[in-house]
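Before any comments, here is the structure.
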Amino acid sequence: MTPAHESGASPIDPRSCPRGSAAAVVGLQWGDEGKGKFVDLLAPGFAAVVRYNGGANAGHTIVADGRTFALHLIPSGILRPGTRAVIANGVVVDPAGLVAELEGLESKGVDVSGLVVSSRAHVVMPYHRALDERLESALDGTPRGTTTAIGTTKRGIGPTYAEKAIRMAAVRVGDLVRGGDVLRDRVQLALGLHDSFAAASGVDGLLADLEPLGARLRPVVADTTYLLHDLLSSGERVLFEGGNATLLDIDHGTFPYVTSSNCSALGIPAGSGVPGTRLASVVGVMKVYTTRVGLGPMPTEIDGDLAHEIRERGGEYGTTTGRPRRIGWLDLVALRYSAMINGATMLAVTMLDVLAGLDEVRVCTAYELPDGTRTDRFLPDAVDLAGATPVYETLPGFEPDIGGCRSMDELPAAARRLLGRIAEHARVPVGFVGVGPDREQTIAAG
Ligand code: GDP
Ligand code: IMO
Ligand code: MG
């Protein structure tokens, strides 16, 4: 079998994503499943890679040709020359962060000419970041039920989406690049709502910071909805890249310990203007264990030496904030729920190499509830989920070094058995397996 990275074209079978249709790569857990790696791997064959939700709270690390790239706002397709990297309307854009990320890529010799940003994406302002910080520190250390801090990335995500919904004082990328009175009026109104920030900066100070950013981004701003429809109508394929992940989805995740957008595949139509009927293939990316950054329940969480070992072997420190990620066994209850919500057509299972060498591996197949009953249904509410005790199935471990395996046949039988159990429980076939961070360390399970 040809290793996935050597086929030249995208390893997604063209029959599962016909010309004129779209595919998606989404996270099935609490983030950091390895979405960036799979977007990068699948990007050839797609005319555009599109972010539709979230903002610079995402952190996607890609290892390609011995070089490491950390992307936050810019779609991972930027690393594939000739592919458009589209930031669609559902994303919240921090202009200073975007320009810094662009310049960082340029300094590494990456061709960034494929970037296109929707004029209808909302702008993360400095006062949104300040409010995110203030809310987090006001609630930190005062747990009352679920009224605690969330452990956000402090990138201003929640306040920006909140002001998008409030509408009156929101600033969109189109306003930023248009500048002039419209921008001034909106900033003035917004600063009336953020008085502590206004006192420090003032309208003129803030506008002076925003104007050069607007000028820098003006050439890349467009109507991305028409752009994507034009591509699809001419028979091109489009790949959506989820930021954050399903269990952090504002409507379907573990509220209130979630982010502020629809990060599952359900967010694609609203966040891009491309209807769900175009979506032919959904690749659900998942680790063979669980991680979580920030607060909120995680039934299979473990600590002590084993958690430490997995964290170190997997490099489980946040790409965006550097925080150590919480570690747990694989939660198949959560996984089946996420696969269902996303309509996943294929699983990409990552980090198999990280578990290699353990004597045994556990997977959670049900929850025991406080009244002593059991359920195999996920509880997407933080209070309910906090009361769930995992019921485990124990599987045999497998040999320590699988990083060089390039086909399913080369994997130890116990590793194949674990993959089989995952597919059976999720009711979705395994399409890809990751045995290391590099593009090359991927097995296509065709
Ligand atoms: P994302 O946010 O879902 O794109 O994931 P992150 O990039 O935040 O975190 C995943 C990390 O795991 C990155 O450092 C990847 O380079 C790395 N990674 C991806 N797949 C594998 C894998 O199969 N094995 C190992 N060891 N690392 C992987
Ligand atoms: P990627 O795309 C892991 C988490 C934060 C916090 C909560 C809300 O790299 O998988 P926010 O700043 O969005 O208001 O924080 O969501 N979070 C992520 N955790 N990976 C991510 O993105 C995340 N994006 C948000 O840690 O608990
Ligand atoms: Mg990440």
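Does segment 216-239 include one or more residues that are farther than 29 Å from residue 46 by Cα, modelled with pLDDT of 95 or more and not hydroxyl-bearing (Ser, Thr, Tyr)? Walk me through it before giving the result.
Quick first cut of segment 216-239, residues farther than 29 Å from residue 46 by Cα only: none.
No.
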Discussion item. Can you say whether residue 112 is of a type in the set (Val, Ile, Thr), more than 16 Å from ligand 3 (Cβ to nearest atom), on the phi < 0 side of the Ramachandran plot and touching a residue at least 40 places away in the same chain (Cβ under 8 Å), as far as the supplied structure shows?
Written reply: no
Worksheet item: Across segment 276-319, which residue is surrounded by the fewest Cβ atoms within 10 Å (Cβ to Cβ) among those that are more than 29 Å from residue 139 (Cβ to Cβ) and among the polar types (S, T, N, Q)?
Response: 277
Discussion item. Within 30 Å of residue 255 (Cβ to Cβ) and at pLDDT below 95: which single residue out of 428, 349, 383 fits that description?
Written reply: 383
Worksheet item: When the residues of segment 234-259 are filtered to those that are within 15 Å of residue 52 (Cβ to Cβ) and among the hydrophobic types (A, V, I, L, M, F, W, C), which remaining residue is nearest to ligand 3 (Cβ to nearest atom)?
Response: 245
Fill in: Among the residues listed as 32, 13, 40, the single one being at pLDDT below 95, within 16 Å of ligand 2 (Cβ to nearest atom) and not polar (S, T, N, Q)
40
Discussion item. So for segment 269-282 (the condition being in contact with a strand residue (DSSP E or B) (Cβ under 8 Å, 6 or more places away or on another chain) and closer than 18 Å to residue 29 by Cβ), does at least one residue qualify?
Written reply: yes
Response to the item:
Residue set 187, 124, 182; condition under 30 Å from residue 80 (Cβ atoms) and not small (Gly, Ala, Ser); output residue 124
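With the structure loaded, tell me whether residue 134 is surrounded by fewer than 20 Cβ atoms within 10 Å (Cβ to Cβ) and within 15 Å of ligand 2 (Cβ to nearest atom) or whether it fails that test. Reasoning before the result, please.
Working: surrounded by fewer than 20 Cβ atoms within 10 Å (Cβ to Cβ): yes; within 15 Å of ligand 2 (Cβ to nearest atom): yes.
The answer is yes for residue 134.
The values are calculated or read from the model by the stated rules, or taken from the named source; none is laboratory data. Computed from a predicted model, the values in this text were never measured in an experiment. Cβ sites come from the backbone with ideal geometry, for glycine too, and all protein chains shown count toward neighbours.
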